[in-house]
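**Q** Structure incoming, see below.
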Amino acid sequence: MNGDQHKPLGHQYALAMLTGGEEGVRKLATSAGTQLTIDAFLRVQDEEPVPAFLHSALCAMSLPTKRPKDDTQPIVREDGKYALAINPRPVLQNIDGKSVMRSLGVPYGAYPRVALIYLLSQAVMKQSRDVYLGRNFTEWMRRLGYQTVSYGPRGTANLMREQVDRLLACEWQIRWDGTEADGNAFAVRDVKISNEYAGSLDKNGSFAREIRMSEAFYSHLIDHAVPLNEVAIRELKGTPTALDLYTYLAYRLPRIGSDKGQVISWDQLAKHLGNEADSKRFRQTVRETMQIVSAVYPNANVDLSGRKVVLHPSPAPMERKLVGPHLRLIGAAADETALRSSVKGGREPAVAAAKDAEPLLGFPSGSLSFGTRESVFREIGLTKGKPWSVDTMADAFRAGFPDIKRPRSEKEWLRVWDAFVVRYAERRASRPDD
């Protein structure tokens, strides 16, 4: 990896995958990575990308990462052409039997970021202002990737509910100053994400299964939606700075036209991410955070090593192909990484060699209780899926695993099966009556 050690860890993983497959990635991780980053990288590579979307203004400017000292005051962000204001308007509440107007405060932390991406993604993909959440709050949170949902005072469900209530009670003002020539100037004022929302969970457990997005916000979203990868969002869902850095890079990098890239100051990046930490601490946080972000977005070509931040043109995060010609965009030597097939429509040589080295198979069909190959899968199910039926887990895996029909190496199947069994057992343990 000579010459690549200063690149984001995800770049190094991608190059190691190119030359040595999964074994090469794991070997690199023992010296340069962590278990967290290697697991995230491999999970994202195992699953087909799932489209998700966020408004470009919300990619360029973020919600607060922590609760502001006075969370009833509006949040204002500016980024060149963009300006964003989030105003926590008072809502009518019943407190001790009396109706009062009270501000819930501005949303902050990771929960509203994840909820916002989900709401906006559903609206864009279904081309509808009406967003269906689920049969109940627990189901909705599981859709967002939270496998363990608790309902105590500080439980995940109540923390999410509070932030969603804050999110949807706010009014948003978005402005982008373009030029008259490009015709892109706009101003959206007094926009509410939703104008029909009954609350996500109240004392009697009722749940607003559907949210209707305001016409003004929805119309603007459709024109300014930035594509993300939902699989990556799930890996980053616990860290607001990681979500902010990922969405900002997903918005900015594919739009850079110059091969020389774009240079911004650390202070400018801090404004984008809404981070109010001192400069030294902010740099350290972002450099550490970039490790997990690059693991789920390996094509993001960013240099954070110097006094300035250098952004290079990069493929969007939905770009699936990691072992091919576009790796030149992350600075690797063309003769090492720009693999080409001499036969039209053929596979790249290194990829073909890797594929031929180990046969590609489908997931075992039928019961895992019989057969030599099936016994290894059964052992994982018995060991890590207790006390649940191995064949029941296998049926659930076949029904729910993305791209289940795509052939994979035996190592890949065993790894994704192992991860599924662990998650399945955790989910069932948290809701034994299901």
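Coordinate-derived values only; no laboratory data. Model, not experiment: these values are computed from the prediction.
**Q** Explain nothing, just the number: relative contact order of the range 372-430, from Cα pairs under 8 Å at least 6 residues apart, as a whole percent.
**A** 50 percent
**Q** Rounded, prolate or oblate: which one fits the range 239-281, using the alpha carbon gyration tensor with axes a ≥ b ≥ c (rounded when a/c is under 1.5, else prolate when a/b beats b/c, else oblate)?
**A** Oblate, because a/c is 1.5 or more while a/b does not exceed b/c.
**Q** Separate question: Taking 31 Å as the cut-off for C-alpha to C-alpha distance, list the pairs among K237/K405; K260/K405; K237/K308; K69/K98 that go past it.
**A** Where the Cα-Cα span goes over 31 Å, the pairs concerned are K260/K405.
**Q** Report the far tail of the P(r) of the range 372-430, meaning the percent of Cα-Cα pairs longer than 18 Å.
**A** Cα-Cα pairs in the range 372-430 separated by more than 18 Å: 26 percent.
**Q** Could you give the length gained on full extension between R423 and K280, defined as 0.36 nm per residue of separation minus the Cα-Cα distance, in nm?
**A** 47.7 nm
**Q** Starting from 0.36 nm per residue, how many nanometres of slack lie between S367 and R255 once their C-alpha separation is accounted for?
**A** Extra length from S367 to R255 when fully extended: 35.4 nm.
**Q** Now a separate question. If you find the alpha carbon centre of the range 387-431 and of the range 56-129, how far apart are they in angstrom?
**A** If you average the Cα positions of each part, the centres end up 36 Å apart.
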